[in-house]
Amino acid sequence: MADTAPSKPTACLALADGTVFYGTGFGATGRTVAELCFNTAMTGYQEIMTDPSYAGQIVTFTFPHIGNTGVTPEDDETGDPVAAGMVVKWDPTLASNWRATEELKAWLTRTGRIAIGGIDTRRLTRAIRQQGAPHAALAHDPEGNFDVEALVAAARGWSGLEGLDLAQDVTCAQSYRWDEMRWAWPEGYTRQEAPQHKVVAVDYGAKRNILRCLASAGCDVTVLPATATAEEVLAHNPDGVFLSNGPGDPAATGAYAVPMIKAILDTTDLPVFGICLGHQMLALALGGKTVKMNHGHHGANHPVKEHSTGKVEITSMNHGFAVDAQSLPEGVEETHISLFDGSNCGIAMTGRPVYSVQHHPEASPGPQDSFYLFERFAEAMATRKAS
């Protein structure tokens, strides 16, 4: 079979160590610099690209069939893609799905995201696993003109995610209400018309499906910006407080988030539930520490064990920082661990309805292995109101 690839590459991926990959560019043109990670999920590329937790990252997809289901606004986790760029093995095929409203290439072009195909993603993934998530520069030029030295220098000059607060870049500008529930056949998305619990969700980069899961669990959700104070949270007289996912270094975001969470814990007995960055924020507020991981966890096939039941859940993950379980103080217990590397995946306060998990229960990889966490939150609010 003849090689149909163009004779001249139209995209270039340069790593900070000087390694350079050439391929076929698609999506927007130009250059972007970010941390390079890989995601092992076989589906959900649109949800991944629009997950605010991927701010500051270029995503390498290990699954080669990217683009075959197209895109639809129903699957956006936020308004536009947040991930800085996309790396795939094959040039995306035409969409073949009844829900698709647009082709992946056109969507990336319209939303200003750069992508490269024709890359040996196995080699790239091995390099990331062995050497850690590198800083990278990704460029797309239809004419194939690249200043490789400048791209490598840009990758080397990038500051990295450590010490970087990105939550303020992706949080909402003002508060809003949310009542849309999870998608279900044949109705699609429906509204929560009989909520039982008032929840304030602090938005560090919240995915829409997390808010849908809260609404499906019977919650009337009010979303507040990441910088909300304890007084602003409590002014809504909530039955519970939710801490969302988000990007960047948890220690940097904790500069303003931790005092708010501490005030909530010190002055109320409200149930508190956190996911991903919200999990890390809660751990910091309780006296724990976070650490930067070598290459992070990104995928929809991560086994997580719950200590109390011994149950193993297949989970979705997206995090480059983790809670150091050895740093957890007395009164805070580890509830979940990763069966891949033993890293912390959940904590809870002893004797109080305050808990969080590192994985994403709303992402449905199991597909329903972790929905009980939202139900547990609703039950805690019901118990508090009944007492």
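Annotations
- Atom-type composition of the exposed protein surface of region 18-145 places 48 percent of the accessible area on carbon and sulfur (1.4 angstrom probe).
- Lys, Arg +1 and Asp, Glu -1 on Cβ, resulting dipole of region 21-162 about Cα centre, debye, nearest 20: 480 debye
- At most 11 other Cβ within 10 Å, DSSP loop - GluC sites (Glu not before Pro), region 62-152: E143
- Paramagnetic reach from R129 in region 295-328 [backbone N under 19 Å; point 7 Å along Cα→Cβ]: 295-304, 315-321
- Shown in residue order for region 31-47 are the 3J(HN,Hα) couplings computed by the Karplus curve 6.51 cos²θ - 1.76 cosθ + 1.60 at θ = phi - 60°: 9, 9, 10, 6, 7, 9, 10, 10, 10, 9, 5, 8, 9, x, 4, 5, 4 Hz (x for Gly and Pro).
- Highest-first packing order for the peptide set 119-127, 83-91 is 83-91, 119-127, based on the mean count of other beta carbon atoms within 10 Å.
- Of all beta bridges that DSSP places with both ends in the chain, some 60 percent have antiparallel geometry.
- 11 Å reach of a label modelled at V312, 7 Å along Cα-to-Cβ, counting backbone N of region 329-358: 339-340
- Taking every protein chain into account, the accessible area of region 1-149 amounts to 44 square angstrom per residue (probe 1.4 Å).
- The chain: C-alpha gyration tensor shape, a/c 1.5 cut-off, then a/b vs b/c: prolate
- Couplings for region 64-73, taken from phi via the Karplus curve 6.51 cos²θ - 1.76 cosθ + 1.60 with θ = phi - 60°, read x, 8, 9, x, 6, 10, x, 9, 8, x Hz in order; Gly and Pro are left as x.
- Kirkwood-based shape ratio for region 228-345, expressed as Rg/Rh from alpha carbons: 0.97
- In a DSSP loop and with at most 14 other Cβ atoms within 10 Å, the GluC sites (Glu not before Pro) in region 158-222 are E162, E187, E193.
- Along region 253-262 the Karplus relation, 6.51 cos²θ - 1.76 cosθ + 1.60 evaluated at θ = phi - 60°, assigns HN-Hα couplings of 5, x, 4, 10, 6, 4, x, 5, 5, 4 Hz to successive residues, with x for each Gly and Pro.
- Relative to the longest principal axis of the Cα atoms of the chain, the long axis of helix 148-157 makes an angle of roughly 20 degrees.
The values are calculated or read from the model by the stated rules, or taken from the named source; none is laboratory data. Here the structure is a predicted model, which means the values were calculated and not measured. Heads up, the Cβs are rebuilt from the backbone with ideal geometry, glycines too, and the neighbour counts pull from every protein chain shown. These accessible areas exclude ligands, DNA and RNA; they are computed on the full protein's heavy atoms, side chains included. Shrake-Rupley method; radii C 1.70, N 1.55, O 1.52, S 1.80 Å.
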